[in-house]
Amino acid sequence: MKTSIKIGNAGGFWGDDLKALRRQIEGGIALDYISSDYLAEITMSILRKQQQKNPQTGYVTDFVDQIVDVADLLKTKKIRMIANAGGINPLACAREIIRRLDEKTILKIALVEGDNLIDSMTEFYPAKADFKNMESDEDFQTIKDRIQSANAYLGLLPLLKALESEADLIIAGRVTDTSITMAPAVFEFGWKLNDWDKLASALIAGHIIECGAQGSGGNFTDWQKVEKWDNFGYPIAEIFPDGHFYITKHPNSGGSVTINSVKEQLLYEMGDPENYISPDVIADFKTIQLEQAGHDRVKVFGIKGKPSTHFLKVSMAYADGFKASGSVIIGGCEVLEKARVFENIFWERLGIDFVKKSTEYIGYNATMKDIPTDIVPNEILLQFSVFDYDKNKINEFSKSIAPIILSGPPGVAVTGGRPQIREVMTYWPALIPKTLVPVSVKILTDSGEITETYDILSVTGFEEDMQKTKGQIQISSENNFSLEYSLEKDIKPVKLKDICLARSGDKGDMANIGLIARSPEIYQFIKEKITADFVKSVFSESCKGKVVRYELDNLQSLNFLVEESLDGGGTKSLMIDAQGKIFAQNLLKQTISVPEKLLNI
């Protein structure tokens, strides 16, 4: 058994830095494994569309370029790589890599397949699975005939089998973001599949590094403290047999690894912190302990886990109408006033009722709809967007933007041609019993032929029913932000950013905002004052649902789930910030009154 293993991440989404993989291989820390995560929920439907046009596609083409570039280094340095770049066609991905590799560089490749359920939907529904929407509780019957993609989130079981084959490269379809980090730890240390605390630790290691540079100082609230931005160091997890691990990066690389940067990533896209669910284990984020263990090195330990459930999550996408966006640039004098006139002119002249329409003043308040601003812009990108099920209406919209340029107030510049009409794919999350999802591991020859196939069950036998916890739910939009200090001189107005850090993300039509106090004393203060009501009031225009608050005393943090806040989420949203990435920064802009004694700690 190794004393530890080092797993580096080289990509957090399709479109990430293509040079990150080479930097991870050539950096100063010798890695045992490299993982890359490419598959956001909507990516699967994009790949499905590609495959329908060309059966030999359906995988992440960028990944092929990366592997061909570094294959010799992976082989000579004996670094094994795991990625979910196979999308919905792992075999085609592997064969394209083999085709392009030089004969002198031969990689043994293993495939993980079985997550793609699209051809089995009639077998499953309604007899074996109801596929009810996990978030909205909607009936699957309403959209079943429009499903374009359906992929189960597989866990580490097939990855373990692939590792046993001694493959240099493991290409999977829709496995969970964290399992590609968990599998090497379980494989190397021989952990049992019901050793919940160790599994949960590996899951959290995967959660920290899965988003690439965001886990090592990218997208960090205190960005001014990041000393170097070039040669950006992607995160590395060094995991030990007892489950504790360290997060670090290559020396002399850009970025920053501190307790606060790790906290921000821990809170990213989090739901209920006591029940972070994966196919293999449920991790309790309220047990995580952090310790700065050196420059750009954070120790993570104390993590507890619970048995996994009897189900796998299925990420589906279904055809759901059409949308288009077009814009003009308005400059010169009285920019805001002119923009408002142009908005009225455009919609009145068009004269069509759409299911949804939107006007965004980019440069003024496009990402801050609910938050007042006193700025006077000197230019605005005025963006019009529409959504409807009638493509003819969208077509009329696309022809109506250009004419307003010469028939309104002055100072308008053209930004492009006629808006492109896009078919909308809407996200539908559901559950399926693990027993219905057998998967397979396939080993390829040097010529790309399948030489061995192993059928793997998705069930470990240790699954249990899960007991959910309840967060603090408040749905009032009123802000009763009061302080119990009698003397005005004891209070000082500050931006929330002065006392907190934050990061936000999305899950469907819900944004999450993790708010992190800068001191234990500040945490007690925000725990009392930054309520679900307060957050609801800040995002009153965007948030159509309730706000749920969870407390994480161990991380001195609050996690807010802002429901129905992304205009439908994903590709259906007409918001420019459709994934809620700027929500956290807008919350940090709020001015609040804080006791001066807390500011001096």
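The values are calculated or read from the model by the stated rules, or taken from the named source; none is laboratory data. Everything quoted here is computed from the prediction, not taken from an experiment. Every residue, glycine as well, gets a Cβ built from its backbone with ideal geometry; the counts of neighbours run over all protein chains shown.
Being more than 30 Å from I432 (Cα to Cα) and of a type in the set (D, E) is the filter; apply it to region 274-314 and report the residue that is surrounded by the most Cβ atoms within 10 Å (Cβ to Cβ). Give the steps one after another, and end with the answer.
Filtering region 274-314 down to residues more than 30 Å from I432 (Cα to Cα) leaves 289-302.
Add one more test, that the residue is of a type in the set (D, E), and what stays is 291, 296.
Details: E291: 13, D296: 22.
Across region 274-314, the extreme among qualifying residues is D296.
Scan region 169-198 for residues that are among the polar types (S, T, N, Q) and either assigned to a helix (DSSP H, G or I) or not assigned by TED's automatic domain parsing to the domain that holds R297 (or both) and jot them down.
If the condition is that a residue be among the polar types (S, T, N, Q) and either assigned to a helix (DSSP H, G or I) or not assigned by TED's automatic domain parsing to the domain that holds R297 (or both), then S179, T181 are the ones that fit.
Quick one: in region 105-121, of everything that is in contact (Cβ under 8 Å) with a residue 60 or more places away in the chain and not in a loop (DSSP other than H, G, I, E, B), which residue is farthest from E452 (Cα to Cα)?
I118
All but one of (1) surrounded by fewer than 17 Cβ atoms within 10 Å (Cβ to Cβ); (2) closer than 18 Å to Y276 by Cβ; (3) β-branched (V, I, T) hold for I118; state the number of the condition that does not hold.
(2)
Would you kindly identify the strands (runs of 3 or more DSSP E) lying entirely within region 469-546 that contain at least 3 residues that are under 19 Å from K589 (Cα atoms) and either modelled with pLDDT of 85 or more or of a type in the set (S, T, N, Q) (or both)?
It comes to 491-495, 500-507, 510-517.
Rundown of residues vs (1) buried (at least 21 other Cβ atoms within 10 Å of the Cβ); (2) in a helix (DSSP H, G or I); (3) not hydroxyl-bearing (S, T, Y), yes/no style:
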site	(1), (2), (3)
A127	no, no, yes
Q141	no, yes, yes
Q148	no, no, yes
N151	yes, no, yes
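For the list (1) surrounded by fewer than 14 Cβ atoms within 10 Å (Cβ to Cβ); (2) at negative phi, I need the number of the one condition that I432 fails.
(1)
In this structure, does F346 turn out to be buried (at least 19 other Cβ atoms within 10 Å of the Cβ) and part of a strand (DSSP E or B)?
No: the conditions fail for F346.
Considering only residues of region 153-196 that are small (G, A, S) and crowded, with 24+ Cβ neighbours inside 10 Å, which is nearest to the chain's Cα centre (by Cα)? Steps first, answer last, please.
So in region 153-196, the residues small (G, A, S) come out as 155, 162, 165, 167, 172-173, 179, 183, 185, 190.
Next cut, crowded, with 24+ Cβ neighbours inside 10 Å only: 155, 162, 172-173, 179, 183, 185.
Numbers: G155: 18, A162: 26, A172: 18, G173: 17, S179: 15, A183: 20, A185: 23 Å.
Among those that are small (G, A, S) and crowded, with 24+ Cβ neighbours inside 10 Å, it is S179.
All but one of (1) within 32 Å of the chain's Cα centre (by Cα); (2) outside any loop (DSSP other than H, G, I, E, B) hold for G417; state the number of the condition that does not hold.
(2)
Just one of the numbered conditions (1) among the hydroxyl-bearing types (S, T, Y); (2) outside any helix (DSSP H, G or I); (3) over 14 Å from D37 (Cβ atoms) is not true of S201; which one?
(2)
Scan region 237-264 for residues that are under 26 Å from L193 (Cα atoms) and either surrounded by 20 or more Cβ atoms within 10 Å (Cβ to Cβ) or basic (K, R) (or both) and report the count.
Within region 237-264, residues that are under 26 Å from L193 (Cα atoms) and either surrounded by 20 or more Cβ atoms within 10 Å (Cβ to Cβ) or basic (K, R) (or both) number 7.
Spot the failing condition for N586; the list is (1) at pLDDT below 95; (2) in a helix (DSSP H, G or I); (3) closer than 24 Å to Q265 by Cβ; (4) touching a strand residue (DSSP E or B) at 6+ places or on another chain (Cβ under 8 Å), and only one is missed.
Failing condition for N586: (4).
Only one of V60, V64 is more than 30 Å from V459 (Cα to Cα) and either at pLDDT 90 or above or surrounded by 17 or more Cβ atoms within 10 Å (Cβ to Cβ) (or both). Can you tell me which?
Matching residue, one of V60, V64: V64.
Looking only at region 449-464, filter to residues that are polar (S, T, N, Q) and surrounded by 15 or more Cβ atoms within 10 Å (Cβ to Cβ); which one of those is farthest from P438 (Cα to Cα)?
T460
This table checks each residue for (1) surrounded by 19 or more Cβ atoms within 10 Å (Cβ to Cβ); (2) hydrophobic (A, V, I, L, M, F, W, C).
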position	(1), (2)
K323	yes, no
G326	yes, no
K338	yes, no
F342	yes, yes
V355	no, yes
I362	no, yes
T367	no, no
N378	no, no
F384	yes, yes
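Can you pull out the residues in region 23-57 that are exposed (fewer than 15 other Cβ atoms within 10 Å of the Cβ) and charged (D, E, K, R)?
Correct list: E26, K53.
Among the residues of region 393-400, is any among the polar types (S, T, N, Q) and closer than 25 Å to K507 by Cβ?
No, region 393-400 has no match at all.
Would you point out which residue out of K53, K19, K78, K49 is in the same structural domain as I98 (by TED's automatic domain parsing) and at positive phi?
The unique qualifying residue is K78.
Could you tell me which numbered condition V376 fails, if it satisfies all but one of (1) assigned to a loop (DSSP other than H, G, I, E, B); (2) over 27 Å from K572 (Cα atoms); (3) touching a residue at least 60 places away in the same chain (Cβ under 8 Å); (4) hydrophobic (A, V, I, L, M, F, W, C)?
(3)
Anything in region 181-232 that is of a type in the set (V, I, T) and more than 14 Å from K263 (Cα to Cα)? List them, or say none. Spell out the reasoning first.
Here is the first cut: in region 181-232, the ones of a type in the set (V, I, T) are 181, 186, 204, 208-209, 221, 226.
Within region 181-232, T181, V186, V226 meet the criteria.
When G217 is evaluated against the numbered criteria (1) assigned to a helix (DSSP H, G or I); (2) within 18 Å of L266 (Cβ to Cβ); (3) small (G, A, S), which criterion, by number, is the only one it fails?
(1)
Considering region 8-33 alone, what residues qualify as being of a type in the set (A, V, I, L, M) and in contact with a Leu (Cβ under 7 Å, 6 or more places away or on another chain)?
A10, I25 - these are the residues of region 8-33 that are of a type in the set (A, V, I, L, M) and in contact with a Leu (Cβ under 7 Å, 6 or more places away or on another chain).
Within the set of pairs 6+ apart or on separate chains, which have a first residue in region 214-234 that is in contact (Cβ under 8 Å) with a residue 12 or more places away in the chain, a second that is exposed (fewer than 13 other Cβ atoms within 10 Å of the Cβ), and C-beta atoms under 8 Å apart?
Qualifying pairs under 8 Å: N231/N252.
Which number in (1) without any contact (Cβ under 8 Å) to a residue 60 or more places away in the chain; (2) in the same structural domain as F187 (by TED's automatic domain parsing) marks the one condition that Q141 misses?
Here Q141 clears every test but (2).
Checking the conditions here, which among T142, T178, T122 is touching a His at 6+ places or on another chain (Cβ under 9 Å), more than 24 Å from L73 (Cα to Cα) and of a type in the set (V, I, T)?
Within the list T142, T178, T122, the selection yields T178.
Can you find, within region 216-225, the residue that is surrounded by the fewest Cβ atoms within 10 Å (Cβ to Cβ) among those that are under 16 Å from Q292 (Cβ atoms) and not acidic (D, E)?
K225
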